[in-house]
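Working notes, beginning with the structure itself.
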Amino acid sequence: MSHIQIFDPALCCSAGVCGVEVDQALVSAATDVGWAQQRGAAIERFNLAQQPLAFALNPVVSGFLQRSGAEALPLVLVDGEVALAGRYPNRGELARWASLPGVTDLTVASGGCCGGSGCGCR
Amino acid sequence: MLFIDAAPRFLFFTGKGGVGKTSLACATAVHLAEAGRRVLLVSTDPASNVGQVFGVSLSNQITTVATVPRLSALEIDPKAAAQGYRDRIVGPVRGLLPDTVVAGIEEQLSGACTTEIAAFDEFTSLLTDPALLTQFEHVVFDTAPTGHTIRLLQLPGAWSQFLDSGKGDASCLGPLAGLDKQRDQYRHAVEALSDPLRTRLMLVARAQRGSLAEVARTHGELLAIGFSRQFLVVNGVLPVSESANDPYAAAIHGREQRALAELPDSLALLPRDSVPLKPFNLVGVDAVRALLSGQDQGASVPASTPAPLAVPPLAILVDEIAADGHGLVMVMGKGGVGKTTLAAAIAVELAARGLPVHLTTSDPAAHLTQTLLGAVDGLLVSSIDPHAETERYRQHVLATRGAGLDAEGRALLEEDLRSPCTEEIAVFQAFSRIVREAGTSFVVMDTAPTGHTLLLLDATGAYHREIARQLGNSGRRFVTPMMQLQDPHQTKVIIVTLAETTPVLEAAGLQADLRRAGIEPWAWVVNQSLAAAAPASPLLRARAESERPLVETVVRQHASRIAVVPMLAEEPVGDERLRRLASPTPHVATLEAPSA
């Protein structure tokens, strides 16, 4: 099974309820990750404010921060390679990466920012 | 003294800065040591002078106090503990990650809750180390963890998952990530705190309504998390003998006795001690011993009336505020220094000059609201109740953001909404709603977010602005609350303190925090000054004299503008008495202008 790593921006908590306004994307991300974990996906989340060393010691993440800065987070690695940046994955993406059995492609249903991998919103 | 009788293993003193926690903790430690017990005294007061008191140099290692047999002591500097904690997290990545990224992480870890938890982490072992417990029969703390710290350590599920996996992916554990103790140790520490046979908590207050209301809140909060054995210690009570030749002292005495007679119900049930006001500050073992013995050891009472303080009254500041025609006035300070009263005094004085004023208070007792509502022309009073706001915010988030979530998603969201940040955010939102009104009239508030909160929120705000720009949502100018608070034409921040060591240090810390956020406090107000009231009673004169070096420190080192408000003979409630706070008193009116 693939190993999914999500590198979060500096957050007080993973649902982002500490911001001026609760960010729906963070709330959804927290629950989507929980959903995939319950079904056996191997997902780790790293919070920049709590585990900066994990960012610094990973050459891919460290290089990403040098180039694009913390505001370009989150960054998602699947088996160590960049799978997604600038937004959180949806359930369909998580299921595909983790090869969750019996889960069909939910990409459209869960309505990410644009679907598919990589965000073309800019 | 009831609180010393049959003392258990652990004694904690809690209360706001300046009420005399450290003095009482020292006196208790000396008392127990002289009764033949082996005692460890632990101070976490940022202004701690325990070393000076006993003539030894203290550190965060246990040191024997030679002048008092069987007594040892140690000092924990909460700021140093927090810095050490930040260094553990940030140190390894300095130079590896971009500087801006590192600075962002450091700000996340600069809040009050980090400091508090780091200090608690430092002394957890004192509650659980078996070797230490054989060595000492009593451990006396001049501080106590707040309910918030203990709740964080008790966070269900999240906490154990966090330590088991070594990953902070569960919930709001930011402040805990760098702690190095084991979960068992925290659990045992919390158990020790809530065991009435092992632990006694002394709520220390002054005989003033505000101070007593403050400890009533602490009492409820700590009771709720299991700190069950509590005593009330009222410190610095003016003896009736001082009333004899001084009507002012007589009035203060009456005011204090009334406050004690009208004690909040929850406190009235607690065992209570009264410690009389002393003319001296805590220096030397003799003074410490005298604190609880009822003798005025070496009382030095000034022979003549000291020269009055050369500082202006509050009315001078109100003149300047009024001249702008509108604006936001934020009165900031630690609990118990009189923020609500001063905010009300400024608002009433502005309204009395015919100006439109909105006073917003977070005073849960809302006694000012009751007194003032409809009583003053041109004055609108509203209230921000932190509990109500937090609950409203929680429900709102669950109803909107949580609407589309499944059961597990909702459970996760609810757990994060129990975090202490939630209250800060909820109050901030209520605050923001009212701040928008300040464009055309005066808004006076007794509550405000700290610089730290503003920095964190502004980081989010900046991010949102950037996104909006990228999406081409142009033509709309974004003004964040931070930008408004940084603009001296729109906002005046007034820092309130008492003329005592710890409150002045705490106020200076608050100022540093605001400056970090690019906000320059406009003025300082020294509240409840005896010196400004020029009392005749020898005891009060001695206390007034001890204020002088502190007021000088504020003028020289901290404040660009200062006003001093006298301690009033009556509780400052009602518009007439509140106006008296702002107006020059007969005594102070004769002072020369400040030289600075």
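Every read-out reported here was derived from the displayed coordinates using simple, explicitly stated rules and does not represent laboratory data. None of these values were measured; they are calculated from a predicted model. Positions of Cβ are backbone-derived with ideal geometry, glycine not excepted, and every protein chain shown enters the neighbour counts.
Quick one: if the Förster radius is 51 Å, what FRET efficiency do B:L197 and B:K79 give, using the C-beta to C-beta distance and rounding to 0.05? Write out the running numbers ahead of the final one.
On the way: r = 34 Å, r/R0 = 0.66.
Working from the Cβ atoms, E equals 0.90.
Hey, what do the phi angles of segment B:133-140 turn into as Karplus ³J(HN,Hα) couplings, whole Hz, using 6.51/-1.76/1.60 and θ = phi - 60°, x for Gly and Pro?
Here the 3J(HN,Hα) series is 6, 6, 6, 10, 8, 9, 10, 10 Hz.
For segment B:23-97, would you read off the P(r) tail past 17 Å as a percentage of all alpha carbon pairs? Present the calculation step by step, with values, prior to reporting the outcome.
Working: 1391 of 2775 pairs.
When every Cα pair of segment B:23-97 is considered, 50 percent fall beyond 17 Å.
Rounded to the nearest 0.05, what FRET efficiency do A:Q38 and B:A244 give with R0 = 60 Å and r taken as the Cβ-Cβ distance? Could you check?
Working: r = 76 Å, r/R0 = 1.26.
Plugging the Cβ-Cβ distance into 1/(1 + (r/R0)^6) gives 0.20.
Going by amide H atoms built from the backbone, whose H comes under 5 Å of the H on B:I562, apart from near neighbours?
B:W524
Apply 1/(1 + (r/R0)^6) to the Cβ-Cβ distance of B:R9 and B:E391, taking R0 = 41 Å, and write down the FRET efficiency to the nearest 0.05. Could you put the intermediate results ahead of the total?
Values: r = 38 Å, r/R0 = 0.92.
Rounded to the nearest 0.05, the efficiency is 0.60.
Where does each of A:91-99, B:189-197 land if you order them by average Cβ count within 10 Å, highest first? Each step should come with its number before you reach the end.
Working: A:91-99: 21.4, B:189-197: 16.4.
Highest-to-lowest ranking by the protection proxy: A:91-99, B:189-197.
What average count of beta carbons from other chains do you get within 10 Å of the Cβ of residues in A:50-60?
Going residue by residue through A:50-60 and averaging, the value is 6.
Quote to one decimal, in nm, the extra length available between B:R418 and B:R436 on full extension: 0.36 nm per residue of separation minus the C-alpha distance between them. If you can, show how the numbers build up before the last one.
Working: separation 18, 0.36 × 18 = 6.48 nm, distance 2.81 nm.
Here the segment from B:R418 to B:R436 would lengthen by 3.7 nm.
Per residue of A:28-41, count partner chain C-beta atoms within 10 Å of its C-beta, then hand back the mean as an integer.
3
What is the gain in length, in nm to one decimal, between B:R410 and B:T67 on full extension, counting 0.36 nm per residue of separation less the C-alpha to C-alpha distance?
Using 0.36 nm per residue and subtracting the Cα-Cα distance, I get 117.5 nm.
Fewest first, what order do B:E545, A:E81 take by the number of other Cβ atoms within 10 Å?
Sorted ascending by nearby Cβ count, the order is A:E81, B:E545.
What do you get when you divide the Cα radius of gyration of segment B:1-55 by 2.2 N^0.38 Å, with N the number of residues? Could the numbers behind the result be given before it?
On the way: Rg = 11.3 Å, N = 55, 2.2 N^0.38 = 10.1 Å.
Working it through for segment B:1-55, the quotient is 1.12.
Just to be sure I understand: if I project the alpha-carbon convex hull of segment B:413-453 onto a plane and average over all orientations, what area do I get in nm²?
Numbers: hull surface 14.2 nm².
For segment B:413-453, averaging the hull's shadow over all directions gives 3.5 nm².
Spin-label point model (7 Å from Cα, Cβ direction): what's the A:R67 to B:D184 distance in nm?
For the pair A:R67/B:D184, the computed spacing is 4.7 nm.
In peptide B:407-414, what is the residue-averaged number of other protein chain Cβ atoms found within 10 Å of each Cβ?
Numbers: counts 0, 5, 8, 2, 2, 8, 6, 2.
So the per-residue partner count for this stretch is 4.
With the convex hull built on the Cα atoms of segment B:15-143, state its orientation-averaged projected area in nm². Display every interim value, and only then the final one.
Details: hull surface 36.3 nm².
Averaged projected hull area, Cα only: 9.1 nm².
Give me, ordered by chain and number, the residues 5 or more places off B:V496 or on other chains with an amide H under 5 Å from its own placed amide H.
Counting only residues 5 or more places away or on other chains, the set is B:M332, B:G333, B:V525.
Along Cα→Cβ, 7 Å out, is where each label goes; now give me the distance between the ones at B:N60 and B:H489 in nm to one decimal.
The modelled label-to-label distance comes out at 4.7 nm.
Enumerate the calculated ³J(HN,Hα) couplings along segment B:196-213 in order (Karplus 6.51 cos²θ - 1.76 cosθ + 1.60, θ = phi - 60°), each rounded to whole Hz, writing x wherever the residue is Gly or Pro.
x, 6, 9, 10, 10, 10, 9, 8, 9, 9, 9, 7, 10, 4, x, 5, 5, 5
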